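The values are calculated or read from the model by the stated rules, or taken from the named source; none is laboratory data. As the structure is a prediction and not an experimental result, all values here were calculated from the model. Note that we place each Cβ from the backbone using ideal geometry, even for glycine, and neighbour counts take in every protein chain shown.
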Amino acid sequence: MLALTMATLSPAAGRAADPSFDCDRPKGEIETLICGDDELAALDVELAKAFAGALARSAANNVQDLRSSQDDWVKARNACRQADDKRGCAIDAYRKRLGEI
């Protein structure tokens with residue numbers, strides 16, 4: 001009983017899988033959504049790994065462009081907060097970006 005009580009008081013209680021960012025300090029509605037959704041969290045981790053691999057393979061003169069395109073993508077993903085289906089929009093954004101990288 002005590003273990004169950006402690007688990008429910010844990011900061012990670014009720015949280016899905018851990019994405020690539022800190023769910024204790026989500027930046028906005030979409031990151032909060034990702035923190036509570038196993039599929040979105042897994043897609044986030046998959047994209048973070050793919051992006052790290054792309055950076056590692058990228059020529060030094062292309063790194064800034066790649067980082068800028070990722071920043072632009074994050075802004076587009078976060079715009080899903082305005083969609084009727086926020087979750088579906090975010091899933092589509094991740095899948096599209098994974099296809100680009």
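Please pick out the residue among Asp65, Asp38 that is out of contact with any helix residue (DSSP H, G or I) (no Cβ under 6 Å at 6 or more places or on another chain), closer than 13 Å to Pro19 by Cβ, surrounded by fewer than 14 Cβ atoms within 10 Å (Cβ to Cβ) and among the charged types (D, E, K, R).
Details: Asp65 fails: closer than 13 Å to Pro19 by Cβ.
Selected residue: Asp38, the only one of Asp65, Asp38 that is out of contact with any helix residue (DSSP H, G or I) (no Cβ under 6 Å at 6 or more places or on another chain), closer than 13 Å to Pro19 by Cβ, surrounded by fewer than 14 Cβ atoms within 10 Å (Cβ to Cβ) and among the charged types (D, E, K, R).
Taking helices (runs of 4 or more DSSP H) that do not extend beyond region 29-81, which have at least 2 residues that are within 13 Å of Ile101 (Cα to Cα) and modelled with pLDDT of 95 or more?
On the way: elements: 29-35, 38-57, 63-78.
Here the list reads 38-57, 63-78.
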Which condition breaks for Asp84 when tested against (1) surrounded by fewer than 10 Cβ atoms within 10 Å (Cβ to Cβ); (2) assigned to a loop (DSSP other than H, G, I, E, B); (3) of a type outside the set (A, V, I, L, M, F, W, C); (4) modelled with pLDDT under 95? (4)
